[in-house]
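Chemist: Provided herewith is a single structure, encoded as structure tokens, for subsequent inquiry.
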Amino acid sequence: MRAFLLPAMVGLGTGILSAWGVGGGTLLLLIMTLFLGVDQTTAQGINLLYFLPTAGMGLLCHRKNGLLDRAVLHSAVLWAIPAAILAAWIATGVDPTLLRKPFGIYLLLAGLTTLVRRQ
């Protein structure tokens, strides 16, 4: 039961934080790799699957509230799909241990940016 309950609670908690705009997916990655013993590549795959329903709900809510700029959305999707395919292809050929330091640096910079913007 504990093997299921802890990951479910982590998913619920990071889902709530995502709804508040905190960046639950990033927190999910950290918790999985640091506390749940999930390797980096598997954690990133789980995070991508986690992102799909949360992004979909966000898109629906923004559309409902009239907050979508269709021109920007179309141009972003046009570039995002090939970029995502290329990045996924590159990531599958990279040793996961090489991803840890750049990802850690990214997290630090993202956190600092968030702190600086709020002040």
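Readers should treat all values here as calculations from the given coordinates under stated rules, not as data from a laboratory. Since the model is a prediction, treat every value here as computed from it, not as a measurement. Virtual Cβ from ideal backbone geometry, glycine too; neighbours counted across all protein chains shown.
Chemist: What is the order of 32, 9, fewest Cβ neighbours within 10 Å to most? Show your work: numbers first, answer last.
Modeler: Numbers: 32 23, 9 10.
By the 10 Å Cβ count, ascending, the order reads 9, 32.
Chemist: If you don't mind, there's one more thing I want to ask. Neighbour counts of other C-beta atoms within 10 Å: give me 92, 54, 114 arranged from fewest to most. Write down the numbers at each step before the final one.
Modeler: On the way: 92 8, 54 15, 114 12.
Ascending Cβ contact count within 10 Å gives the list 92, 114, 54.
Chemist: Something else now. So how many Å³ per residue does the convex hull of the Cα atoms of the chain work out to? Walk me through the numbers on the way to the answer.
Modeler: Details: hull volume 16.2 nm³, N = 119.
Taking only Cα atoms, the chain has a hull volume of 136 Å³ per residue.
Chemist: If we count chymotrypsin sites (Phe, Trp or Tyr not before Pro) as exposed when they sit in a DSSP loop and have at most 13 other beta carbons within 10 Å, what is the longest stretch of the chain that avoids them all?
Modeler: Details: sites that count: 20, 35.
Between the exposed loop sites, the longest stretch runs 36-119.
Chemist: Treat each spin label as a single point 7 Å out from the Cα along the C-beta direction, and report the residue 79 to residue 94 distance in nm.
Modeler: With each label placed 7 Å out from Cα toward Cβ, I get 2.0 nm.
Chemist: Could you check the spin-label model distance between residue 40 and residue 70? Points 7 Å from the Cα along Cα→Cβ, value in nm.
Modeler: 4.3 nm
Chemist: Picking from 105, 24, 42, whose Cα lies most toward the positive end of the charge dipole for region 2-118 (charges on Cβ: Lys, Arg +1; Asp, Glu -1)?
Modeler: 24
Chemist: Right, next: Any idea how far apart residue 63 and residue 6 come out in nm if each label point goes 7 Å out from Cα toward Cβ?
Modeler: 3.9 nm
Chemist: Right, next: When the helices in the chain are scored as -39500 (n - 2.57) per DSSP H run of 4 or longer and the sum is shared across all residues, what 222 nm value do you end up with, to the nearest 500 deg cm²/dmol? Before the final figure, lay out each step's value.
Modeler: Details: 5 runs with 100 residues, N = 119.
After summing the helix terms and dividing by the residues of the chain, the value is -29000 deg cm²/dmol.
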